[in-house]
Amino acid sequence: MNSGARIAIVDAVCDVEQSEQPFGKRWRQEEVVLNAEHLAALREGKILALDVQEEYVMFVKLDPAIAANLKELGYGG
């Protein structure tokens with residue numbers, strides 16, 4: 001696992017009721033799957049808004065340096 005303060009890269013979704021990974025004890029989990037349209041929107045500089053448990057909103061955006069590199073390669077707007 002490679003982790004930062006709020007983002008962790010893991011090999012599989014875990015059941016937070018059975019495991020404390022990757023962030024310690026949590027009460028619920030939810031899996032979000034990005035499709036080609038979502039990835040294209042990120043490459044174009046858009047921000048994804050995710051509905052989390054019908055209670056919170058999480059915003060996901062691409063790192064600006066990565067977006068710039070992709071734009072130089074002809075990906076994105």
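The values are calculated or read from the model by the stated rules, or taken from the named source; none is laboratory data. Because the structure is predicted, anything quoted here is derived from the model rather than measured. Positions of Cβ are generated from backbone atoms using ideal geometry, with glycine treated the same way; all protein chains shown enter the neighbour counts.
Quick notes
- Residues in segment 44-77 that are of a type in the set (Lys, Arg), modelled with pLDDT of 85 or more and not in a loop (DSSP other than H, G, I, E, B): there are none.
- Positions within segment 44-77 being over 15 Å from the mean Cα position of the chain (by Cα), surrounded by fewer than 12 Cβ atoms within 10 Å (Cβ to Cβ) and acidic (Asp, Glu), in sequence order: Glu54, Glu55, Glu72
- The condition of being of a type in the set (Gly, Ala, Ser), surrounded by 11 or more Cβ atoms within 10 Å (Cβ to Cβ) and not in a strand (DSSP E or B) holds for only one of Ala41, Ala12, that being Ala41.
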